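> Here's a structure for you.
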Amino acid sequence: MTKIPSECLRISGLQAYYGESHVLHGVNLEVNAGECVVLLGRNGAGRTTILRSIVGLVTRRLGSITFNGRETVSLAPHKIARLGIGYCPEERAIYSSLSCEENLLLPPVVAEGGMTLEEIYRLFPNLLERRHSQGTRLSGGEQQMLAMARILRTGARLLLLDEISEGLAPVIVQRLGEVIMSLKASGYTILLVEQNFHFATPMADRVYVVENGTIALEMSQSDIPKQETLLRQYLGV
Amino acid sequence: MTQILGISLPGLMSQLTVGLVNGAFYALLSMGLAIIFGLLGIVNFAHGALYMLGAFCTLVLLEYTGLNFWWSLALAPIIVGLFGAVLERTVIRRIYNLDHVYGMLLTYGLSLIFTSVVRFRYGSTGLNFDPPEALSGVIDLGFMFLPVYRAWVIVLSLIVCLITWLVVEKTRLGSYLRAATENPRVTQALGVNVPFLVTLTFAFGAGLAALGGVLAAPVQQISPLMGDLIIISVFAVVVIGGFGSIAGSIITGLCLGLIEGLTKYFYAPASNTVVFIIMILVLAIRPYGLFGKPR
Amino acid sequence: MSKSAMRLGSMIVIVLYAALGVAALLAPMFLYSLLLVNILCLAILACGYNVLVGYTRCISFGHSAFVATSAYATGYLLTHNLPTEVGLFAGILASVLLGYVMGALAIRREGLYFGMITLAQSQLLYFLYSMAPFTGGEMGLQGVPRGKLLGFIDLSNDLVLYYFVLAMFVACFLFIRRCIYSPFGHVLVAIRENESRAISLGYDVNRFKLLTFVLSATISGFAGSLKTLSFGLATLSDASWSNAADVLVMTLVGGIGTLWGPVVGAAIVVFLQHYLAERFAELLTALMGLAFVVCVLVFRRGIVGEVSELLKKLRTRLFRRDQGNEDAV
C-alpha cells in the first residue's frame, strides 16, 4: 500500500468570489491526514465559502488548494470529488425527485474502501426503513444522516461537513458526534464547519477561527480550554 | 357508410387516427423539449429543425447510400443526436449563465440556419417518401379502414415514450438526470459528471426529435419548413402539460392530437387554433400547466 | 472631465444630430421614397418592440396582433373615406385597448409562458380576423386611400408622405426617449436589473410591466397604421408569426435596450431584404440566423450598444489623460 503523505489538504492565499462579491480574502490552512479540523466563526464569516471553494462551487477561485499534493483550484467540481473528497452541504441538498435509496446511491464510488450499502444501513437503520420514501419526506435528522451516508459510500477519505448539527434534536446531534468519532478512529480526515461550540470542539484536533473571509486564529485541542474567553469573543457568544 | 347520430364513423375515425399520429409526434417532441429544458434551462427553438433534419436524413440516406427506411429509423436519430451533441459542446454551452431569452434567440437562429441550408439544397416544395413495403396497406376494421403504417407509428411512438419514461424515472442514469435537473451544482460536487450528462441529454432530445422526423417522413410532406409548422404546437403542448413532467408531456401530446383531430372533423377552420384556446384556458386555471411544478 | 472636453462632446452630438436631420430631409433625392417609408415604419415597429424587450426582458411572440389590428382599423376607416387623422387615431386607440387586454393576461407570467400566451392570443386573433367580414378575409383590405391629412395635405404624393412619416417617426422616437428618461423609465431599469429588490422597495412591478406592454403595443400598432396608410394594404399576413423574427433580428442586431438600436437594425434589415430579395431568399434567412447566433454569443449589446461601450471607454481614457496619472476607476 502506497504511503499517503501526511498533509492531506493545504489551502494557500485562497480568494473566492460569488459573482462580483469578494468573499474570501486570502485563506491559509492545512489539514493533515487523519485529523479532525473544525472551522469556527460567526455567521457570514466565510466558513461555508471555504468548503465550497474546496469543491469548486464558487464563481471564481484564486490561490492554491492542494489535495494530497494535487492542485485543484482550477478543476471542475466533479473532478475534485472524484479525487476522494466527500461534501456534505449546509443545506443538505437531499433531492426531492429521488427516493431515499436513490439519494444514497447517487454519488459515484471514487475509491476503494467506502462503506457498502449494508454497512451504511447497519450504521443508520432509519435509512433502511425509509429507503423507498421520497428524499424530502425524511425528517431533518434522517436527511442529515442521508447526506453523510451517501458520501461514506463513495470511498472518499476527506470529508467536508457543513453545519451538520444545525436544527437537530440533541439526541440526534449526539448520535452524529458518535458517528464522527468512529469515522475519525477509522482514519478519515474531517474538515468540519460548526456553529455549535460544545459539539465541535471536543472532537477537534485543531481549530481555526474564520473572520471576514480570513483566518483570524488557529489553535490546537490542548489550547482550547485556556483560550476559551478569547474564542468566545471571536464567536460573539 | 356507417352513420351514428349524423356522424360519419369512418370519417371521424380516420381523422382521429391522423390526430393520434400527430399526437404521437407531439409526445415524442415535447418529451425531448421538456427534458432539455429541465436540465439545460434552455427552450430549444431548434427542436423543430432537428425533427426536420431527421426526416431529411431518410431522404439523404436513400439517395446517397441506398439505405432504406428501416436503416434510417436506426441511423437518423444517431446522426442527428451526434450533431446535437456537437452543437451543445460548441455553441449552446456558452450561454448557460445568461438570461433564458438568449437561449431562445440562439436556438432560433440555429433553426433558421438549418432550414435555409436545407431549403437551398432541396427547395421549399414538399417531397414524398413512401412507407416501407411491410407497413403499407390498410386493415379493414369494419367501421373504418386503418392504415397499417399509421397504426404502427402510434404503437412505436408509445413504446419509445414508455421506455424513455422508464429510463428517466426508474434507472440509475435517470436518477443522475433527475438529480442534475433539480440541483446541478451540488450534483457535480458529489462527483457526477454533469457537463457530460448535459451533452448526452441534449443529444438524446435531438435523437428523439429526429426519430419523430423519420416516422413522419412517409405521412407528411418532407419540406424544410415542416419543423416550423409543428414546433409551435409542440411548445403549446409543453406549456399546457407543464415543464416538470415527462408523463405529462406524453399524455398532453396524445390528447391534444386527438382533440385536433376531432376539431378537424367537426369544425375544420379552427383545428390550428384549438391548441391555443386550450392553452389559454389551462393557464388561466393552472398557471404552471396541467402537470407542472413551479420552477 | 474638463469643461472644454465636455463642450467638445456636446458639440459633436449636436453636429451628429444635425447631420442626421439633413440626411433624413435630403434622403428622397438618393433613395426611393417608399423604401424610406418602409424603413421608417419598421423602425417605429422595432422601437415599439424594443420598449418591451429591452426594458422588461419579456419576449412577446404576438406583436403582429397589434400591427394587424391597427392596420385593419385604419384601413377600414380610410376605405370608408373618413379623414386620415381619424383613421390613424383609431389605429392607435385599437392597439391601446388590445394591448391592455392581451397584456393583462400575459404579464403575470415570465419567459416562455409569457411568449406562448402572447403567441396564443395573436393566433386566436389571426383566426378571428380570417373569419370576420370586415377584414376582407384572405384578400384583406386593398387600395386603402391615403386621403388628405387635416383636410389639405395631400398624402398621395409619395414625397409628402415621406415627410409626414418622417415627422411621425421623430415624434415616436422623442416620445420613447421621454418615457425612458423619466422616473417611470428609471423604475423600469431598476426592475430589469433586480426585480425582487424593486418589489421589496414597494413598486407594483406588474403594473409597470403592463404599462410598458401597452406602450409597446401602441407604438407597434401605430407602425401598422402607418404601413396601411402608406402601402394601401391590410392583410392577414400582417398577423402571421414570421414577422416577429424580422423584428427580433432588427432589435438584436441594432441593440436591445438602446434608443437607436432598433432604428439601425431596421435600416440594415430592410436594405438587406431589398438587395437580396428573391434570388437569395435562403441566403437572407441564413444570414438572419447567423446574426442571431453571433449576436447572442459575442455581440449581445448589438451595434449601437457596442459603439456606446466603445465611446464610454474612450471617454474614460480621455478623462484619465485630463487628470494626469490619477486612476479613473
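> Return the only residue of A:Y208, A:Y234, A:Y188 being aromatic (F, W, Y) and closer than 16 Å to A:G34 by Cβ.
After applying the criteria, what remains is A:Y188.
> Now a separate question. Can you confirm whether region A:136-143 contains a residue that is under 16 Å from the mean Cα position of the chain (by Cα), closer than 23 Å to A:S96 by Cβ and in contact (Cβ under 8 Å) with a residue 40 or more places away in the chain?
Yes, there is a match, as at least one residue in region A:136-143 is under 16 Å from the mean Cα position of the chain (by Cα), closer than 23 Å to A:S96 by Cβ and in contact (Cβ under 8 Å) with a residue 40 or more places away in the chain.
> Quick test for you: out of B:A217, B:A206, B:A247, pick the one residue that is of a type outside the set (V, I, T), touching a helix residue (DSSP H, G or I) at 6+ places or on another chain (Cβ under 9 Å) and within 20 Å of B:V86 (Cα to Cα).
Just one listed residue meets the conditions, B:A206.
> Just need a number here: residues in region B:162-202 that are away from chain A (no Cβ under 14 Å) and either touching a strand residue (DSSP E or B) at 6+ places or on another chain (Cβ under 8 Å) or surrounded by 23 or more Cβ atoms within 10 Å (Cβ to Cβ) (or both).
Residues that pass the stated criteria total 2.
> C:E110 - would you say it is more than 14 Å from chain B (Cβ to nearest Cβ) and among the charged types (D, E, K, R)?
Here the answer is no, as C:E110 does not meet what is asked.
> In region C:82-96, is there at least one residue being assigned to a helix (DSSP H, G or I), within 14 Å of chain B (Cβ to nearest Cβ) and touching a Gly at 6+ places or on another chain (Cβ under 7 Å)?
Taking every residue of region C:82-96 in turn, none turns out to be assigned to a helix (DSSP H, G or I), within 14 Å of chain B (Cβ to nearest Cβ) and touching a Gly at 6+ places or on another chain (Cβ under 7 Å).
> So C:F213 fits all but one of (1) modelled with pLDDT under 90; (2) part of a helix (DSSP H, G or I); (3) of a type in the set (A, V, I, L, M, F, W, C); what number is the exception?
(1)
Residue-wise test of (1) of a type in the set (K, R); (2) surrounded by 15 or more Cβ atoms within 10 Å (Cβ to Cβ); (3) in contact (Cβ under 8 Å) with a residue 12 or more places away in the chain.
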residue: C:R7; (1), (2), (3): yes, no, no
residue: C:M11; (1), (2), (3): no, no, no
residue: C:V15; (1), (2), (3): no, no, no
residue: C:V22; (1), (2), (3): no, no, no
residue: C:F61; (1), (2), (3): no, yes, yes
residue: C:F66; (1), (2), (3): no, yes, yes
residue: C:T69; (1), (2), (3): no, yes, yes
residue: C:S95; (1), (2), (3): no, yes, yes
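> List the helices (runs of 4 or more DSSP H) inside region A:24-105, counting only whole elements, that have at least 1 residues being hydrophobic (A, V, I, L, M, F, W, C) and within 18 Å of A:E194 (Cα to Cα).
A:47-55
> Which residues, counting only those in region A:159-178, are more than 13 Å from every other protein chain (Cβ to nearest Cβ) and closer than 21 Å to A:A81 by Cβ?
Across region A:159-178, the qualifying residues are A:L161, A:E163, A:I164.
> For region C:162-208, give me the residue count where each residue is of a type in the set (D, E, K, R) and outside any helix (DSSP H, G or I).
Residues flagged as of a type in the set (D, E, K, R) and outside any helix (DSSP H, G or I) within region C:162-208 amount to 1.
> To continue, here is another question. Does A:I151 satisfy being assigned to a loop (DSSP other than H, G, I, E, B), β-branched (V, I, T) and in contact (Cβ under 8 Å) with a residue 12 or more places away in the chain?
No, not satisfied.
> Do you know which residues across region C:128-160 are within 14 Å of another protein chain (Cβ to nearest Cβ) and at pLDDT 85 or above?
Result: C:L128, C:Y129.
> Looking for whichever is under 28 Å from C:L161 (Cα atoms) and assigned to a helix (DSSP H, G or I) here; the options are C:F114, C:F127, C:F134. Which one fits?
Being under 28 Å from C:L161 (Cα atoms) and assigned to a helix (DSSP H, G or I) holds for just one of C:F114, C:F127, C:F134, which is C:F134.
> Restricting the search to region C:29-59, which residues are of a type in the set (A, V, I, L, M) and free of Cβ contacts under 8 Å to residues at least 12 places away in the same chain?
Residues satisfying the conditions are C:M29, C:L31.
> Return the residues of region B:97-110 that are more than 7 Å from chain C (Cβ to nearest Cβ) and either under 13 Å from C:C295 (Cβ atoms) or in a helix (DSSP H, G or I) (or both); say none if nothing qualifies.
Of everything in region B:97-110, those that are more than 7 Å from chain C (Cβ to nearest Cβ) and either under 13 Å from C:C295 (Cβ atoms) or in a helix (DSSP H, G or I) (or both) turn out to be B:L98, B:G103, B:T107.
> Let me ask you something else. Quick check on region B:245-282: of everything there that is facing another protein chain (nearest Cβ under 9 Å) and in contact with an Asp or Glu (Cβ under 9 Å, 6 or more places away or on another chain), which residue is farthest from C:S130 (Cα to Cα)?
Checking each candidate, the answer is B:V275.
> For region B:111-138, enumerate the residues that are more than 7 Å from chain C (Cβ to nearest Cβ), in a helix (DSSP H, G or I) and surrounded by fewer than 21 Cβ atoms within 10 Å (Cβ to Cβ).
B:R121, B:Y122, B:E133, B:A134, B:L135
> Still on this structure: Does region A:96-121 hold any residues that are closer than 18 Å to A:S186 by Cβ and either within 14 Å of chain B (Cβ to nearest Cβ) or under 22 Å from the mean Cα position of the chain (by Cα) (or both), and which are they?
The answer is A:V109, A:V110, A:A111, A:E112, A:G113, A:G114, A:M115, A:T116, A:L117, A:E119, A:I120, A:Y121.
> Given the condition under 25 Å from B:S175 (Cβ atoms) and either within 14 Å of chain B (Cβ to nearest Cβ) or in contact (Cβ under 8 Å) with a residue 24 or more places away in the chain (or both), answer yes or no: does some residue in region A:26-35 qualify?
Checked region A:26-35: no residue is under 25 Å from B:S175 (Cβ atoms) and either within 14 Å of chain B (Cβ to nearest Cβ) or in contact (Cβ under 8 Å) with a residue 24 or more places away in the chain (or both).
> List pairs: first residue in region C:131-142 and at positive phi, second residue in a loop (DSSP other than H, G, I, E, B) anywhere in the structure, Cβ distance under 6 angstrom, at least six positions apart or on different chains.
Listed pairs, sorted by first residue: C:G140/C:T235.
The values are calculated or read from the model by the stated rules, or taken from the named source; none is laboratory data. Since we're looking at a predicted model, the values are computed, not measured. So basically every Cβ, Gly included, is an ideal-geometry build from the backbone, and we count neighbours across all protein chains shown.
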